[in-house]
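Asks: The structure under discussion is supplied below as C-alpha coordinates; questions concerning it will follow.
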Amino acid sequence: MPTEKKRYGMVIDTRKCVGCMSCTISCKMENGVTYDGFRSWVDMTERGVFPRVKRNFIPKLCNHCENAPCVTVCPVKASYINADGVVLVDQKRCIGCGYCIVACPYSARYLHEGLKVADKCTFCVHRVSMGLEPACVHNCMGKARIFGDLNDPLSEISQYITKNGVQTLRPDLGTNPNVFYVDAEINKLPNKGGK
Amino acid sequence: MNTQDVYVVVNASPWNYLVPLYIFFKGLSVGALCISAVYTVFRSERFKTLAFPAAITSLLTFIPVPFLLLADLHQPLRFWHLLVNFNPTSVISWGTWLIILYPLCLLWYIARLGLSQGISIPILKGVQESASTSQGTFGLGLRGLSILTLSLALLADLYTAFLLGVVKGKVLWNSALLPGYFLTSAVVTGAALVLIVYLNKKPEEKTVRTLVRIIQGALALEIFFAISQWITLGATSLQGQKALELLWKDPVYLIGDIFLGILVPLVLLNKPSLNKKPVLMIGALLVILGGLLLRFSIVGVGIQAAGLWN
(Lines give C-alpha, C1' and ligand atoms only; values in the text may rest on other atoms or scores of the structure.)
Protein backbone atom coordinates (compact mmCIF):
# COMPACT_ATOMS: atom_id res chain seq x y z
CA MET A 1 0.00 0.00 0.00
CA PRO A 2 1.36 3.47 -0.84
CA THR A 3 2.12 5.69 2.15
CA GLU A 4 0.43 9.07 2.30
CA LYS A 5 3.71 10.90 2.09
CA LYS A 6 5.16 11.02 -1.39
CA ARG A 7 8.83 10.80 -2.28
CA TYR A 8 9.38 11.69 -5.87
CA GLY A 9 12.26 10.17 -7.72
CA MET A 10 13.47 9.29 -11.19
CA VAL A 11 14.99 6.26 -12.84
CA ILE A 12 17.12 6.75 -15.93
CA ASP A 13 17.62 3.63 -18.00
CA THR A 14 20.78 4.43 -19.92
CA ARG A 15 20.19 1.44 -22.23
CA LYS A 16 17.41 3.48 -23.77
CA CYS A 17 19.19 6.82 -23.97
CA VAL A 18 20.36 7.74 -27.46
CA GLY A 19 21.94 11.07 -26.52
CA CYS A 20 19.43 13.15 -28.47
CA MET A 21 19.52 15.90 -25.81
CA SER A 22 15.76 16.43 -26.00
CA CYS A 23 15.76 16.39 -22.19
CA THR A 24 18.27 19.24 -22.10
CA ILE A 25 16.38 21.29 -24.66
CA SER A 26 12.91 20.65 -23.26
CA CYS A 27 14.12 21.51 -19.77
CA LYS A 28 15.61 24.76 -20.99
CA MET A 29 12.40 25.67 -22.81
CA GLU A 30 10.08 24.63 -20.00
CA ASN A 31 11.99 26.36 -17.22
CA GLY A 32 13.63 29.31 -18.95
CA VAL A 33 17.10 28.03 -18.16
CA THR A 34 19.75 30.54 -19.16
CA TYR A 35 22.30 29.91 -21.89
CA ASP A 36 25.24 29.15 -19.64
CA GLY A 37 23.48 26.97 -17.06
CA PHE A 38 22.03 23.48 -17.14
CA ARG A 39 19.34 21.85 -15.04
CA SER A 40 19.43 18.71 -17.12
CA TRP A 41 22.12 17.53 -19.48
CA VAL A 42 23.74 14.42 -20.98
CA ASP A 43 27.39 13.55 -20.39
CA MET A 44 29.02 11.44 -23.09
CA THR A 45 32.03 9.21 -22.76
CA GLU A 46 33.76 6.87 -25.18
CA ARG A 47 35.18 3.65 -23.89
CA GLY A 48 37.36 0.95 -25.38
CA VAL A 49 40.08 0.67 -27.99
CA PHE A 50 39.38 0.86 -31.72
CA PRO A 51 37.60 -1.01 -33.26
CA ARG A 52 35.81 -1.99 -30.04
CA VAL A 53 34.61 1.39 -28.98
CA LYS A 54 31.37 2.27 -27.21
CA ARG A 55 29.80 5.61 -26.52
CA ASN A 56 27.95 5.96 -23.23
CA PHE A 57 25.30 8.52 -22.46
CA ILE A 58 24.69 9.53 -18.88
CA PRO A 59 21.79 11.96 -18.48
CA LYS A 60 22.22 14.07 -15.38
CA LEU A 61 20.17 16.41 -13.24
CA CYS A 62 19.73 17.33 -9.61
CA ASN A 63 19.70 14.11 -7.61
CA HIS A 64 17.16 15.45 -5.10
CA CYS A 65 19.22 13.92 -2.32
CA GLU A 66 17.60 12.94 0.95
CA ASN A 67 20.74 14.17 2.66
CA ALA A 68 21.22 17.16 0.37
CA PRO A 69 24.54 19.01 0.87
CA CYS A 70 23.05 22.15 -0.71
CA VAL A 71 20.35 22.29 1.96
CA THR A 72 22.86 21.68 4.74
CA VAL A 73 25.17 24.51 3.69
CA CYS A 74 22.65 27.20 2.70
CA PRO A 75 23.20 30.00 5.22
CA VAL A 76 19.72 31.50 4.80
CA LYS A 77 17.66 28.30 4.49
CA ALA A 78 16.72 29.20 0.92
CA SER A 79 17.41 25.63 -0.18
CA TYR A 80 14.96 23.17 1.26
CA ILE A 81 13.31 19.81 0.72
CA ASN A 82 9.57 19.98 0.22
CA ALA A 83 7.02 17.52 1.56
CA ASP A 84 7.38 15.35 -1.55
CA GLY A 85 11.14 14.98 -1.20
CA VAL A 86 11.95 17.51 -3.93
CA VAL A 87 14.92 19.81 -3.31
CA LEU A 88 13.95 23.38 -4.15
CA VAL A 89 15.31 26.92 -3.92
CA ASP A 90 13.30 29.80 -2.49
CA GLN A 91 14.46 32.36 -5.03
CA LYS A 92 13.16 35.28 -2.98
CA ARG A 93 15.23 34.24 0.00
CA CYS A 94 18.43 33.22 -1.83
CA ILE A 95 21.29 35.75 -1.46
CA GLY A 96 23.32 34.33 -4.35
CA CYS A 97 26.36 33.44 -2.25
CA GLY A 98 26.96 30.41 -4.46
CA TYR A 99 27.87 28.13 -1.57
CA CYS A 100 25.21 25.58 -2.53
CA ILE A 101 26.47 25.57 -6.12
CA VAL A 102 29.99 24.82 -4.95
CA ALA A 103 28.73 22.32 -2.37
CA CYS A 104 26.70 20.23 -4.85
CA PRO A 105 28.89 17.21 -5.64
CA TYR A 106 26.91 16.64 -8.83
CA SER A 107 27.40 20.12 -10.26
CA ALA A 108 23.63 20.25 -10.63
CA ARG A 109 23.21 23.88 -9.63
CA TYR A 110 24.13 27.06 -11.42
CA LEU A 111 23.77 30.76 -10.91
CA HIS A 112 20.80 32.11 -12.88
CA GLU A 113 22.28 35.03 -14.77
CA GLY A 114 19.02 36.96 -14.88
CA LEU A 115 17.73 36.36 -11.38
CA LYS A 116 21.18 36.29 -9.72
CA VAL A 117 20.18 33.39 -7.50
CA ALA A 118 20.93 29.68 -7.40
CA ASP A 119 18.84 27.63 -9.80
CA LYS A 120 18.38 23.92 -10.33
CA CYS A 121 16.06 21.13 -11.45
CA THR A 122 12.73 21.18 -9.61
CA PHE A 123 11.41 17.92 -11.07
CA CYS A 124 9.10 20.40 -12.83
CA VAL A 125 6.94 20.76 -9.70
CA HIS A 126 4.63 23.12 -11.56
CA ARG A 127 3.84 20.37 -14.08
CA VAL A 128 3.73 17.57 -11.52
CA SER A 129 1.22 19.50 -9.41
CA MET A 130 -1.05 19.50 -12.48
CA GLY A 131 -0.69 15.74 -12.87
CA LEU A 132 1.86 15.99 -15.69
CA GLU A 133 5.33 14.50 -15.96
CA PRO A 134 8.49 16.60 -15.80
CA ALA A 135 9.39 18.03 -19.21
CA CYS A 136 12.48 15.85 -19.63
CA VAL A 137 10.45 12.70 -18.96
CA HIS A 138 7.63 13.76 -21.24
CA ASN A 139 9.99 14.54 -24.11
CA CYS A 140 12.38 11.60 -23.82
CA MET A 141 12.09 9.86 -27.20
CA GLY A 142 13.65 6.61 -25.93
CA LYS A 143 11.43 6.57 -22.81
CA ALA A 144 14.60 6.28 -20.79
CA ARG A 145 13.21 8.26 -17.86
CA ILE A 146 10.62 7.09 -15.39
CA PHE A 147 9.30 9.52 -12.82
CA GLY A 148 7.06 8.78 -9.88
CA ASP A 149 6.49 8.17 -6.21
CA LEU A 150 9.17 5.99 -4.67
CA ASN A 151 7.02 5.44 -1.59
CA ASP A 152 4.31 3.76 -3.66
CA PRO A 153 5.37 0.16 -4.24
CA LEU A 154 2.87 -0.13 -7.07
CA SER A 155 4.13 2.91 -8.98
CA GLU A 156 5.91 2.37 -12.28
CA ILE A 157 9.18 3.69 -10.86
CA SER A 158 9.10 1.37 -7.84
CA GLN A 159 8.32 -1.60 -10.08
CA TYR A 160 11.14 -0.60 -12.44
CA ILE A 161 13.63 -0.36 -9.57
CA THR A 162 12.52 -3.79 -8.31
CA LYS A 163 12.96 -5.41 -11.71
CA ASN A 164 16.22 -3.71 -12.68
CA GLY A 165 19.39 -3.22 -10.74
CA VAL A 166 19.92 0.46 -10.08
CA GLN A 167 22.84 2.61 -9.08
CA THR A 168 23.20 6.16 -7.84
CA LEU A 169 25.89 8.74 -8.48
CA ARG A 170 28.67 8.97 -5.91
CA PRO A 171 27.06 6.71 -3.26
CA ASP A 172 30.28 7.13 -1.25
CA LEU A 173 29.21 10.66 -0.30
CA GLY A 174 26.17 9.47 1.62
CA THR A 175 23.81 11.92 -0.03
CA ASN A 176 21.12 9.28 -0.72
CA PRO A 177 20.05 10.46 -4.18
CA ASN A 178 16.50 9.96 -5.44
CA VAL A 179 17.71 9.68 -9.03
CA PHE A 180 18.66 6.16 -10.02
CA TYR A 181 20.43 4.73 -13.04
CA VAL A 182 20.04 1.44 -14.82
CA ASP A 183 23.12 0.00 -16.52
CA ALA A 184 25.04 3.25 -16.43
CA GLU A 185 28.78 3.45 -16.64
CA ILE A 186 28.80 5.86 -13.74
CA ASN A 187 31.17 6.60 -10.91
CA LYS A 188 33.73 6.43 -13.67
CA LEU A 189 37.36 7.35 -13.50
CA PRO A 190 38.26 10.90 -14.40
CA ASN A 191 38.48 12.07 -17.96
CA LYS A 192 41.46 12.34 -20.25
CA GLY A 193 42.58 8.77 -20.60
CA GLY A 194 41.52 7.29 -17.28
CA LYS A 195 41.64 3.51 -17.25
CA MET B 1 40.09 -0.02 -21.37
CA ASN B 2 40.51 3.65 -22.28
CA THR B 3 37.92 6.18 -21.25
CA GLN B 4 37.59 9.50 -23.00
CA ASP B 5 35.11 12.16 -22.07
CA VAL B 6 33.49 13.43 -25.23
CA TYR B 7 31.02 15.90 -23.78
CA VAL B 8 30.81 16.68 -20.09
CA VAL B 9 28.82 19.47 -18.53
CA VAL B 10 30.08 21.09 -15.38
CA ASN B 11 27.97 24.04 -14.30
CA ALA B 12 30.33 26.93 -13.65
CA SER B 13 31.15 27.88 -10.10
CA PRO B 14 29.94 31.39 -9.28
CA TRP B 15 32.93 31.95 -7.01
CA ASN B 16 35.50 34.25 -8.53
CA TYR B 17 38.58 36.16 -7.35
CA LEU B 18 36.57 37.83 -4.55
CA VAL B 19 36.44 34.67 -2.43
CA PRO B 20 40.23 34.11 -2.15
CA LEU B 21 40.69 37.87 -1.68
CA TYR B 22 38.16 37.81 1.14
CA ILE B 23 39.95 34.90 2.83
CA PHE B 24 43.29 36.61 2.30
CA PHE B 25 42.38 39.97 3.87
CA LYS B 26 40.70 38.26 6.78
CA GLY B 27 43.86 36.22 7.29
CA LEU B 28 46.01 39.36 7.19
CA SER B 29 43.88 40.96 9.88
CA VAL B 30 43.93 37.87 12.08
CA GLY B 31 47.67 37.40 11.60
CA ALA B 32 48.43 41.01 12.55
CA LEU B 33 46.26 40.66 15.63
CA CYS B 34 48.15 37.50 16.63
CA ILE B 35 51.36 39.58 16.62
CA SER B 36 49.73 42.26 18.76
CA ALA B 37 48.55 39.53 21.14
CA VAL B 38 52.11 38.37 21.70
CA TYR B 39 52.38 41.39 24.00
CA THR B 40 48.84 41.67 25.31
CA VAL B 41 48.19 37.96 25.90
CA PHE B 42 51.64 36.45 26.33
CA ARG B 43 53.16 39.56 27.92
CA SER B 44 56.30 39.64 25.78
CA GLU B 45 57.81 43.05 26.58
CA ARG B 46 59.83 42.89 23.38
CA PHE B 47 56.59 43.30 21.44
CA LYS B 48 55.30 46.21 23.51
CA THR B 49 56.13 48.81 20.84
CA LEU B 50 54.72 46.53 18.18
CA ALA B 51 51.38 45.76 19.80
CA PHE B 52 49.54 48.95 18.88
CA PRO B 53 50.73 49.29 15.25
CA ALA B 54 49.94 45.58 14.78
CA ALA B 55 46.42 46.09 16.12
CA ILE B 56 45.88 49.09 13.83
CA THR B 57 47.21 47.03 10.90
CA SER B 58 44.74 44.34 11.86
CA LEU B 59 41.87 46.83 11.78
CA LEU B 60 42.89 48.43 8.50
CA THR B 61 43.30 45.10 6.73
CA PHE B 62 39.87 44.07 7.93
CA ILE B 63 38.18 47.05 6.23
CA PRO B 64 37.94 45.38 2.76
CA VAL B 65 36.54 42.15 4.25
CA PRO B 66 32.83 43.07 4.57
CA PHE B 67 32.91 44.83 1.19
CA LEU B 68 34.43 41.78 -0.48
CA LEU B 69 31.83 39.58 1.17
CA LEU B 70 29.00 41.82 0.01
CA ALA B 71 30.43 42.08 -3.49
CA ASP B 72 30.61 38.31 -3.67
CA LEU B 73 26.88 38.00 -3.02
CA HIS B 74 24.97 38.11 -6.25
CA GLN B 75 22.07 39.62 -4.31
CA PRO B 76 24.00 42.00 -2.03
CA LEU B 77 20.90 43.90 -0.93
CA ARG B 78 19.65 40.70 0.66
CA PHE B 79 22.66 40.42 2.98
CA TRP B 80 20.34 40.94 5.94
CA HIS B 81 18.82 37.53 5.22
CA LEU B 82 22.01 36.18 6.79
CA LEU B 83 21.12 37.85 10.06
CA VAL B 84 17.54 36.66 10.32
CA ASN B 85 17.77 33.14 8.85
CA PHE B 86 20.39 31.36 10.92
CA ASN B 87 21.09 27.82 9.68
CA PRO B 88 23.09 25.99 12.37
CA THR B 89 24.37 23.43 9.85
CA SER B 90 25.83 26.11 7.59
CA VAL B 91 29.38 27.26 8.28
CA ILE B 92 28.59 30.59 6.60
CA SER B 93 25.86 31.27 9.16
CA TRP B 94 28.37 30.96 11.99
CA GLY B 95 30.98 32.88 10.03
CA THR B 96 28.62 35.78 9.47
CA TRP B 97 28.32 36.39 13.20
CA LEU B 98 32.02 35.87 13.75
CA ILE B 99 32.95 38.53 11.22
CA ILE B 100 30.46 40.90 12.83
CA LEU B 101 31.64 40.30 16.39
CA TYR B 102 35.36 40.18 15.62
CA PRO B 103 35.81 43.75 14.31
CA LEU B 104 33.61 45.15 17.09
CA CYS B 105 35.77 43.44 19.65
CA LEU B 106 38.87 44.55 17.77
CA LEU B 107 37.80 48.21 18.00
CA TRP B 108 37.25 47.79 21.71
CA TYR B 109 40.65 46.11 22.03
CA ILE B 110 42.42 48.89 20.14
CA ALA B 111 40.76 51.52 22.32
CA ARG B 112 41.80 49.70 25.47
CA LEU B 113 45.33 49.03 24.20
CA GLY B 114 45.73 52.67 23.17
CA LEU B 115 44.57 53.69 26.63
CA SER B 116 47.13 51.44 28.31
CA GLN B 117 49.91 52.89 26.15
CA GLY B 118 48.77 56.50 26.55
CA ILE B 119 47.67 56.80 22.94
CA SER B 120 44.52 58.80 22.36
CA ILE B 121 42.42 57.80 19.37
CA PRO B 122 40.01 60.61 18.43
CA ILE B 123 37.64 58.36 16.49
CA LEU B 124 37.43 55.95 19.41
CA LYS B 125 37.30 58.63 22.10
CA GLY B 126 33.96 57.47 23.47
CA VAL B 127 35.04 53.83 23.49
CA GLN B 128 38.29 54.78 25.19
CA GLU B 129 36.43 56.72 27.86
CA SER B 130 34.14 53.82 28.62
CA ALA B 131 37.07 51.39 28.44
CA SER B 132 38.82 53.34 31.16
CA THR B 133 36.26 52.09 33.66
CA SER B 134 35.86 48.48 34.66
CA GLN B 135 32.12 48.69 33.87
CA GLY B 136 33.02 49.81 30.35
CA THR B 137 35.02 46.64 29.77
CA PHE B 138 32.61 44.38 31.67
CA GLY B 139 35.37 43.75 34.18
CA LEU B 140 37.77 42.55 31.52
CA GLY B 141 41.31 43.80 31.78
CA LEU B 142 43.45 44.31 28.70
CA ARG B 143 44.58 40.69 28.81
CA GLY B 144 41.05 39.36 29.14
CA LEU B 145 39.91 41.55 26.28
CA SER B 146 42.91 40.42 24.21
CA ILE B 147 42.10 36.78 24.80
CA LEU B 148 38.48 37.38 23.79
CA THR B 149 39.48 39.29 20.64
CA LEU B 150 42.13 36.75 19.72
CA SER B 151 39.68 33.88 20.17
CA LEU B 152 37.15 35.58 17.91
CA ALA B 153 39.89 36.34 15.39
CA LEU B 154 41.07 32.73 15.30
CA LEU B 155 37.51 31.48 14.88
CA ALA B 156 36.84 34.08 12.17
CA ASP B 157 39.87 32.83 10.28
CA LEU B 158 39.27 29.13 10.87
CA TYR B 159 35.66 29.20 9.73
CA THR B 160 36.70 29.71 6.09
CA ALA B 161 38.82 26.57 6.26
CA PHE B 162 35.83 24.66 7.63
CA LEU B 163 33.59 26.34 5.04
CA LEU B 164 35.69 24.66 2.35
CA GLY B 165 36.48 21.54 4.37
CA VAL B 166 32.89 20.40 4.87
CA VAL B 167 31.98 20.51 1.18
CA LYS B 168 31.34 16.96 0.02
CA GLY B 169 33.38 15.53 -2.84
CA LYS B 170 36.05 18.24 -2.90
CA VAL B 171 39.07 16.11 -2.17
CA LEU B 172 41.53 18.99 -1.97
CA TRP B 173 39.44 20.72 0.68
CA ASN B 174 38.30 17.65 2.65
CA SER B 175 41.40 17.67 4.78
CA ALA B 176 41.91 18.07 8.50
CA LEU B 177 45.11 19.91 7.60
CA LEU B 178 43.31 22.82 5.96
CA PRO B 179 42.39 24.81 9.11
CA GLY B 180 45.96 24.60 10.37
CA TYR B 181 47.34 25.44 6.94
CA PHE B 182 45.11 28.51 6.57
CA LEU B 183 45.76 29.69 10.11
CA THR B 184 49.53 29.35 9.70
CA SER B 185 49.34 31.23 6.44
CA ALA B 186 47.24 33.93 8.12
CA VAL B 187 49.78 34.35 10.91
CA VAL B 188 52.71 34.47 8.51
CA THR B 189 51.13 37.05 6.17
CA GLY B 190 49.91 39.18 9.08
CA ALA B 191 53.35 39.07 10.70
CA ALA B 192 55.00 39.97 7.40
CA LEU B 193 52.76 43.01 7.01
CA VAL B 194 53.42 44.08 10.59
CA LEU B 195 57.15 43.72 9.86
CA ILE B 196 56.83 46.09 6.89
CA VAL B 197 54.88 48.59 9.02
CA TYR B 198 57.36 48.28 11.87
CA LEU B 199 60.43 48.68 9.66
CA ASN B 200 59.02 52.02 8.54
CA LYS B 201 58.76 53.26 12.13
CA LYS B 202 61.63 53.23 14.61
CA PRO B 203 62.43 49.53 14.68
CA GLU B 204 64.40 47.83 17.42
CA GLU B 205 66.83 45.17 16.29
CA LYS B 206 65.73 42.58 18.87
CA THR B 207 62.05 43.00 18.09
CA VAL B 208 62.69 42.69 14.35
CA ARG B 209 64.70 39.54 14.91
CA THR B 210 61.97 37.96 17.02
CA LEU B 211 59.31 38.93 14.50
CA VAL B 212 61.34 37.47 11.65
CA ARG B 213 61.87 34.31 13.71
CA ILE B 214 58.08 33.99 14.05
CA ILE B 215 57.73 34.40 10.28
CA GLN B 216 60.43 31.82 9.62
CA GLY B 217 58.82 29.37 12.03
CA ALA B 218 55.42 29.83 10.44
CA LEU B 219 56.91 29.43 6.95
CA ALA B 220 58.53 26.16 8.07
CA LEU B 221 55.14 25.08 9.41
CA GLU B 222 53.59 25.95 6.05
CA ILE B 223 56.11 23.69 4.32
CA PHE B 224 55.14 20.94 6.73
CA PHE B 225 51.44 21.43 5.90
CA ALA B 226 52.15 21.54 2.17
CA ILE B 227 54.19 18.33 2.19
CA SER B 228 51.67 16.59 4.45
CA GLN B 229 48.97 17.57 1.99
CA TRP B 230 50.96 16.20 -0.94
CA ILE B 231 51.60 12.89 0.80
CA THR B 232 48.03 12.35 1.95
CA LEU B 233 46.53 13.41 -1.39
CA GLY B 234 48.93 11.30 -3.39
CA ALA B 235 48.67 8.19 -1.27
CA THR B 236 45.01 7.86 -0.38
CA SER B 237 42.92 7.81 -3.54
CA LEU B 238 42.91 8.31 -7.28
CA GLN B 239 40.82 11.44 -6.74
CA GLY B 240 43.52 12.74 -4.45
CA GLN B 241 46.21 11.97 -7.00
CA LYS B 242 44.34 13.85 -9.72
CA ALA B 243 43.86 16.82 -7.39
CA LEU B 244 47.55 16.77 -6.52
CA GLU B 245 48.41 16.65 -10.22
CA LEU B 246 46.29 19.74 -10.81
CA LEU B 247 47.84 21.48 -7.82
CA TRP B 248 51.35 20.82 -9.01
CA LYS B 249 50.49 21.92 -12.53
CA ASP B 250 49.16 25.21 -11.19
CA PRO B 251 51.95 27.81 -11.48
CA VAL B 252 50.12 30.02 -9.00
CA TYR B 253 50.70 27.35 -6.38
CA LEU B 254 54.08 25.90 -7.20
CA ILE B 255 55.93 28.99 -8.42
CA GLY B 256 53.83 31.61 -6.69
CA ASP B 257 53.11 30.18 -3.25
CA ILE B 258 55.77 27.53 -2.66
CA PHE B 259 58.76 29.08 -4.43
CA LEU B 260 58.20 32.85 -4.27
CA GLY B 261 56.06 32.88 -1.16
CA ILE B 262 57.94 30.44 1.06
CA LEU B 263 61.36 29.34 -0.19
CA VAL B 264 62.69 32.70 -1.45
CA PRO B 265 61.55 34.58 1.71
CA LEU B 266 63.20 31.92 3.90
CA VAL B 267 66.49 32.78 2.18
CA LEU B 268 65.91 36.54 2.24
CA LEU B 269 64.87 36.60 5.89
CA ASN B 270 67.85 34.55 6.98
CA LYS B 271 70.05 36.34 9.56
CA PRO B 272 67.83 39.42 9.86
CA SER B 273 69.45 42.72 10.60
CA LEU B 274 68.33 46.33 10.39
CA ASN B 275 71.20 46.89 7.95
CA LYS B 276 69.32 44.70 5.49
CA LYS B 277 66.04 46.61 5.67
CA PRO B 278 65.25 46.48 1.91
CA VAL B 279 65.93 42.73 1.83
CA LEU B 280 63.64 42.20 4.80
CA MET B 281 60.97 44.32 3.12
CA ILE B 282 61.17 42.32 -0.11
CA GLY B 283 61.08 39.07 1.86
CA ALA B 284 57.99 40.21 3.78
CA LEU B 285 56.27 41.36 0.59
CA LEU B 286 56.90 37.97 -1.01
CA VAL B 287 55.47 36.22 2.04
CA ILE B 288 52.28 38.28 1.67
CA LEU B 289 52.14 37.54 -2.06
CA GLY B 290 52.57 33.84 -1.31
CA GLY B 291 49.68 33.90 1.16
CA LEU B 292 47.44 35.55 -1.44
CA LEU B 293 48.39 33.04 -4.13
CA LEU B 294 47.87 30.10 -1.76
CA ARG B 295 44.23 31.15 -1.30
CA PHE B 296 43.75 31.49 -5.05
CA SER B 297 45.21 28.07 -5.78
CA ILE B 298 43.43 26.20 -2.98
CA VAL B 299 40.03 27.68 -3.88
CA GLY B 300 40.50 27.43 -7.66
CA VAL B 301 42.09 24.00 -7.85
CA GLY B 302 39.68 22.64 -5.24
CA ILE B 303 36.73 23.47 -7.49
CA GLN B 304 38.52 22.35 -10.65
CA ALA B 305 39.56 19.00 -9.17
CA ALA B 306 36.00 18.19 -8.10
CA GLY B 307 34.79 18.90 -11.65
CA LEU B 308 36.55 15.74 -12.82
CA TRP B 309 34.26 13.56 -10.78
CA ASN B 310 30.69 14.70 -10.90
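The values are calculated or read from the model by the stated rules, or taken from the named source; none is laboratory data. What you are looking at is a predicted structure, and each value in this text was computed from that prediction instead of being measured. So basically every Cβ, Gly included, is an ideal-geometry build from the backbone, and we count neighbours across all protein chains shown. Calculation scope for accessible area: heavy atoms of the full protein, side chains included, ligands and nucleic acids excluded. Shrake-Rupley method; radii C 1.70, N 1.55, O 1.52, S 1.80 Å.
Asks: Counting only protein heavy atoms, probe 1.4 Å: which residues of segment B:1-44 lose 50 Å² or more of accessible surface in the full assembly compared with their chain by itself?
Replies: For segment B:1-44, once contacts with the other chains are taken into account, B:Met1, B:Asn2, B:Thr3, B:Gln4, B:Asp5, B:Val6, B:Tyr7, B:Val9, B:Asn11, B:Pro14, B:Trp15 lose 50 Å² or more.
Asks: I would also like to ask the following. Would you mind putting B:12-19, A:45-52 in packing order, based on average other-beta-carbon counts within 10 Å, highest first?
Replies: Result, highest mean first: B:12-19, A:45-52.
Asks: With unit charges on the beta carbon (Lys/Arg positive, Asp/Glu negative), name the residue among A:Cys74, A:Ile25, A:Gly131 whose Cα is farthest towards the positive pole of the charge dipole of segment A:8-182.
Replies: The residue sitting farthest along the positive end of the dipole is A:Ile25.
Asks: Does anyone have the angle between helix B:277-306 and the longest principal axis of chain B? Alpha-carbon axes, 0 to 90°, nearest 10?
Replies: With rounding to tens, the tilt is 40 degrees.
Asks: Rounded to the nearest percent, how much of the accessible area of segment B:18-306 (1.4 Å probe, protein heavy atoms only) is carbon and sulfur?
Replies: 72 percent
Asks: Oh, and also: With the crude spin-label approximation of a point 7 Å out along Cα→Cβ, what separation in nm comes out for B:Phe67 versus B:Thr89?
Replies: 3.7 nm
Asks: Summing Lys, Arg as +1 and Asp, Glu as -1, what charge do residues with Cβ under 10 Å from the Cβ of A:Glu30 carry, A:Glu30 excluded?
Replies: Value of the local net charge: +3.
Asks: Carbon and sulfur: what percent of chain A's accessible surface (1.4 Å probe)?
Replies: C and S atoms contribute 55 percent here.
Asks: Something else about it: Which order, highest average first, do B:115-127, B:241-253 follow once you tally other Cβ atoms within 10 Å for each residue and take the mean per peptide?
Replies: Ranked from most to least packed, the peptides come out as B:241-253, B:115-127.
Asks: When ligands, DNA and RNA are left out and all protein chains stay put, how many square angstrom of accessible area per residue does the protein assembly as shown have with a 1.4 Å probe?
Replies: That works out to 43 Å² per residue.
Asks: For the Cα atoms of chain B, what angle does the longest principal axis make with the long axis of helix B:142-165, in degrees from 0 to 90, nearest 10?
Replies: 10 degrees
Asks: Now, a different point. Rank B:Leu233, B:Pro203, B:Ala218 by how far each Cα sits towards the positive end of the charge dipole of segment B:184-256 (+1 on Lys, Arg Cβ; -1 on Asp, Glu Cβ) and give me just the farthest.
Replies: The Cα lying farthest towards the positive end belongs to B:Pro203.
Asks: Still on this structure, I have one more. Could you pull out which residues in segment A:28-64 have an amide N less than 16 Å from a spot 7 Å beyond the Cα of B:Asp5, following the Cα-Cβ vector?
Replies: A:38, A:41-47, A:56-61, by backbone N distance to the label point.
Asks: Residue separation times 0.36 nm, minus the C-alpha to C-alpha distance between A:Glu4 and A:Glu156: what's the value?
Replies: Gain on stretching A:Glu4 to A:Glu156: 53.0 nm.
Asks: Give the average, rounded to an integer, of partner chain Cβ atoms located within 10 angstrom of each Cβ in B:239-252.
Replies: Mean shielding count: 1.
Asks: Sticking with this structure for a sec: Efficiency by 1/(1 + (r/R0)^6): what FRET value for B:Gln117 and B:Thr232, r their Cβ-Cβ distance, R0 = 35 Å, to the nearest 0.05?
Replies: About 0.20, to the nearest 0.05.
Asks: Could you work out, residue by residue across A:104-113, how many beta carbons of other chains sit within 10 Å of that residue's beta carbon, and then give the average as an integer?
Replies: 5
Asks: Helix B:91-116 versus the longest principal axis of chain B: what angle, 0 to 90°, nearest 10, using Cα atoms?
Replies: 20 degrees
Asks: Something else: Which log10 I(q)/I(0) values does segment B:18-306 give at q = 0.07, 0.15 Å⁻¹ under the Debye formula, counting every alpha carbon as one identical point scatterer?
Replies: -0.27, -1.15
Asks: Which value, in debye to the nearest 20, describes the size of the charge dipole of segment B:18-306 about its Cα centre when Lys and Arg Cβ atoms bear +1, Asp and Glu Cβ atoms bear -1, and nothing else is charged?
Replies: 520 debye
Asks: Next question. Determine the dipole magnitude for the protein assembly as shown: charges of +1 sit on the beta-carbon of Lys and Arg, -1 on that of Asp and Glu, nothing else is charged, the reference point is the Cα centre, and the result goes in debye to the nearest 20.
Replies: The dipole of the protein assembly as shown has a size of about 820 debye.
Asks: At the nearest 100 Å², what buried accessible area, both sides summed, do you get for B and A when the probe is 1.4 Å?
Replies: Answer for the B-A pair: about 4500 Å² buried.
Asks: Once you put a point 7 Å from the Cα of A:Glu66 and another 7 Å from the Cα of A:Val18, both along the Cβ direction, what distance in nm separates them?
Replies: 3.6 nm
Asks: Given labels modelled 7 Å from the Cα in the Cβ direction, how far is it in nm from A:Gln167 to B:Ser44?
Replies: 5.5 nm
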